[in-house]
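A.B. asks: Here you go, one structure.
The values are calculated or read from the model by the stated rules, or taken from the named source; none is laboratory data. Nothing here was measured: the structure is a model prediction, and the numbers come from that model. Don't worry about glycine lacking a Cβ; one is built from the backbone with ideal geometry, like all the others, and counts go over all protein chains shown.
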Amino acid sequence: MMMKYFCLENEENNIEESLNNYKDIFKNYSKNFPTLEEALVELFMNAGATPNEANNIYKNLNDHCKSHITKNFDAIKQNHPMISENDALVICSYTYDIEMYKNYAPFRLLNINLVNDNRKKGIQNIEKYLFLLLTALRKMQKVKKNKLFRCLKTKVETEKVPEKPKFVPYKKGNKKTFWNFISTSYDEKTANSFLDGGEGTQLTIIGDNLWGYDITLFNYFKESEILLEPENKYIIENVQKGYVTKVICKIIDNIQPLSDIIPISEIKCKKCGSNNIKSLYKEEREYFCEKAGKWDKNEARNKFLASRTVYSDKDLFDNGLYITILWKTGWGWNIEGWNGKVFCKDCDCFWELSEFEPYPTGEY
Ligand SMILES: [Zn+2]
């Protein structure tokens, strides 16, 4: 599911205007959280579906995405402790694309509208869904990369286009903006596979400021995907024309629109600053159980008990049963008291989820 749109227009001066559009449209949202059903039915109807069609498309999508998320939610939660099942469903819906409803694939509608020449109208067409998607994504842990790749089957314009006077060509030194969400891959081969050996453009995105959301687990088609938020400004570093035109662009600014009403809630370890934060789920318990066996007993006991409420530790530790029980019950997984806890994989310290601000409370 590689998107076909890079950027259909470019007006450097319009970033402010663009942000004001967002603000105007979303000023009432903090109190009125739409449901996914409302958001999608509206999205489909704005794209021309009748109410009946819109409801049918929604039902089809919801059934499929729900079953995908139910299967994957353990793994999702492990990596993104703040994500709820509803959030996960919203993100999954973004990746859902079936032949029968091709023109109504949410990612397509969303991105067509984000690059609409009339940006305000475009954002209005997708406002509820955009709001839900940004809300869900911003509860995810950011993934920072040095390089991301993206390919498309058409060649980008490297010269001025007379009929599009505002268009800024893909030329070294030019500045452009990704107005829409951008699907990328951290693996060059995966990105290139979208070209099917044909002509096109390969975009390499670089920059110290480069980050996205790894939505692979949410992806209905299990494609590996790093998703970039809209409004990324970049400068073209190099263009090499050819059978596949290669463009290198460097992110220079990412304006996260609506950050005042949609909190950016990444969790960072308070001790070492890493965002490599996980919840304790399945394979993690294995890691910790193994580790516990190597710990000094008292130290291990204290570490465990500091956050556990269910079992008494007496005797258990001394005869080895403790570890067995931890193993069998999936310690930190289905034991009350661990639900709101995460640990830092880089320095092994534990944190309560509630310790992190802003901790999103909006549920829908
Ligand atoms: Zn840490």
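A.B. asks: What are the residues in region 19-42 that are modelled with pLDDT under 75 and farther than 13 Å from residue 129 by Cβ, if any?
C.D. replies: Matches in region 19-42: 28, 30, 31, 32.
A.B. asks: A further question on this structure: Any idea which of (1) closer than 28 Å to residue 19 by Cα; (2) surrounded by fewer than 17 Cβ atoms within 10 Å (Cβ to Cβ) is the one residue 223 doesn't satisfy?
C.D. replies: Here residue 223 meets the rest and fails (1).
A.B. asks: When you look at residue 278, is it at pLDDT below 95, part of a strand (DSSP E or B) and within 16 Å of the ligand (Cβ to nearest atom), yes or no?
C.D. replies: yes
A.B. asks: For residue 180, state whether it is in the same structural domain as residue 67 (by TED's automatic domain parsing), at pLDDT below 90, more than 16 Å from the ligand (Cβ to nearest atom) and within 23 Å of residue 144 (Cβ to Cβ).
C.D. replies: Judged against the criteria, residue 180 is not a match.
A.B. asks: In this structure, is residue 21 of a type in the set (S, T, N, Q) and closer than 20 Å to residue 262 by Cα?
C.D. replies: Answer is yes for this residue.
A.B. asks: Another question about this same structure. Within region 158-179, how many residues are buried (at least 19 other Cβ atoms within 10 Å of the Cβ) and of a type in the set (A, V, I, L, M)?
C.D. replies: 1
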